[in-house]
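Student: Pasting a structure here, questions to come.
The values are calculated or read from the model by the stated rules, or taken from the named source; none is laboratory data. Values in this document were obtained by computation on a predicted structure and should not be read as measured data. For neighbour counting, all protein chains shown are included, and Cβ atoms are generated from backbone atoms with ideal geometry for every residue, glycine included. Note: accessible area is taken over every heavy atom of the protein model, side chains too, but ligands, DNA and RNA are not part of it. Shrake-Rupley method; radii C 1.70, N 1.55, O 1.52, S 1.80 Å.
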Amino acid sequence: ETRLGATEAETEQYREILSEVGSTGVGAFQDIAAATISVEQNMKGLSDDALANVTEEAMALSQVMGYDVSEVTRSAGTLMKQFGLDGEQSLDLIAKGYQRGLDFSGEFLDTLNEYSVHFNALGFSAEDMFNILIKGAEEGAWNLDKVGDAIKEGNIRLKDLSDTSRTAFEDLGLDADQLFSDFASGGDKANAAFMTVSAALASVEDETKRNQIGVALFGTQYEDLEKTVVASFGNITDELGAYQGTARDVADDNRTLSQEIKGLWNDMQDSIEPFGRTIVKAVRSAMPVIKDILGDIGDLAEAFSELDPEQQKTILNLGLIVTAGGPVVRTLGSITSGAGKLVGGIGKLT
């Protein structure tokens, strides 16, 4: 509630989400609460109905992939922002990409976070980006970051109006001014221009000239990736396949007996939670009285400690501390004047 700045009504909604996700056993309530916060902060715009489902799927993916929930949700949020996807579509793509081996170099989520903006700027869809990443990996890229970085360099150089880029376009027999204009426009025009340049580059037979033009337009990443990987950029094929529902399948397929038991335990905790809340409220309302009592007990203990051992022994023998009763209190005055403070403390405590 505090971290999200939620109202009382919103807090009640979060309790319902915790209850729903908790029944799956995907984690303890404190883990679910932390995951819900990550989803809310990183995946903006989810409906209340989608929040519980997305939270469970994000937690399941994080466990299977070996990433923190915050890392999974941050990458999903990037896909949502750059390509206009909803939360479940983003998680489905991440799940499918992971299944297709895109985390082979341990840079899958970082690649999505850093390079999605450049794929989008060149008019690629989220599916295009994943197809290019998968194809690039299959064609021999030794880490996924290289593929994304080549797109980034291309996005920068293809529209920088530099003499280097202009010469490269002209060497390919293309209209440099038109290409600069199309790349600056973004969207479909930029994407069509990118495909034109990629196809023209792949068709250059002279290897030395092809490498020279490739480096001019894609930077040193072109040398690292070689012709086959970059050539695949301009010939997008469906490497991804159907991906809808993949995150849900991951969550369902990896549900263990331990998780089922945890779900039952969470349900039991959830069932008694209203009673616990009532107790907490009662204790909070009684705190002023409790504090007074504790203060009086402190005064009583201090007064008792100031008596000499014989007086303390007499009081204990009378059972004064246990009964705190009037008749016994009245006998105290005849014991010693030094017990007056103790008598007053007992009376107040009573």
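Student: Report the Cα-based extents of the stretch 1-143 along its three principal axes, largest first, to the nearest Å.
Tutor: 52, 28, 21
Student: Mind checking which aspartates and glutamates have their C-alpha under 20 Å from Lys291, skipping anything on the same chain fewer than 8 residues away?
Tutor: By straight Cα distance, Lys291 reaches Asp299, Glu302.
Student: So which GluC sites (Glu not before Pro) in the stretch 192-255 pass both tests, a DSSP loop state and at most 11 other Cβ atoms within 10 Å of the Cβ? Please list the in-between numbers first.
Tutor: Values: sites: Glu205, Glu207, Glu223, Glu226, Glu239; in loops: Glu205, Glu239.
For GluC sites (Glu not before Pro) across the stretch 192-255 that sit outside H, G, I, E and B with at most 11 neighbouring Cβ atoms in 10 Å, the list reads Glu205.
Student: Using only the alpha carbons, work out the radius of gyration and Dmax of the stretch 173-217 in angstrom.
Tutor: Gyration radius and largest Cα-Cα distance of the stretch 173-217: 11.2, 32 Å.
Student: Could you run the Debye sum over the Cα atoms of the stretch 33-80, one equal point scatterer each and no solvent, and tell me log10 of I(q)/I(0) at q = 0.14, 0.15, 0.27 Å⁻¹, two decimals?
Tutor: Treating every Cα as an identical point scatterer, log10 I(q)/I(0) equals -0.26, -0.30, -0.98.
Student: Residue separation times 0.36 nm, minus the C-alpha to C-alpha distance between Phe29 and Asn317: what's the value? Display every interim value, and only then the final one.
Tutor: Values: separation 288, 0.36 × 288 = 103.68 nm, distance 5.13 nm.
Full-extension gain reported as 98.5 nm.
Student: Longer than 27 Å from Cα to Cα, which of Lys44/Lys159; Lys146/Lys189; Lys44/Lys146; Lys44/Lys135 are they? Say none if no pair is. Numbers along the way, then the final one.
Tutor: Values: Lys44/Lys159 31 Å; Lys146/Lys189 25 Å; Lys44/Lys146 29 Å; Lys44/Lys135 30 Å.
Distance filter (> 27 Å) returns Lys44/Lys159; Lys44/Lys146; Lys44/Lys135.
Student: While we're on this one: In the stretch 112-204, what percent of the accessible surface is made up of carbon and sulfur (1.4 Å probe, ligands and nucleic acids excluded)? All intermediate terms of the calculation are to be shown ahead of the outcome.
Tutor: Values: 1630 of 3630 Å².
The C+S portion of the solvent-accessible surface of the stretch 112-204 is 45 percent.
Student: Through the Karplus equation 6.51 cos²θ - 1.76 cosθ + 1.60, θ set to phi - 60°, convert the phi angles of the stretch 143-156 into ³J(HN,Hα) values in whole Hz; use x for Gly and Pro.
Tutor: After applying 6.51 cos²θ - 1.76 cosθ + 1.60, I find 8, 5, 4, 4, 5, x, 5, 5, 5, 4, 4, x, 4, 6 Hz.
Student: Which value, in Å², gives the accessible area per residue of the stretch 1-160 when a 1.4 Å probe is used on the protein heavy atoms?
Tutor: Ligands and nucleic acids excluded, the figure is 40 Å² per residue.
Student: Shifting gears a bit: Semi-axes of the stretch 109-234's equivalent ellipsoid from the Cα gyration tensor, sqrt of 5 times each eigenvalue, largest first, rounded to whole Å?
Tutor: Values: eigenvalues 86, 60, 27 Å².
Working through the eigenvalues yields semi-axes of 21, 17, 12 Å.
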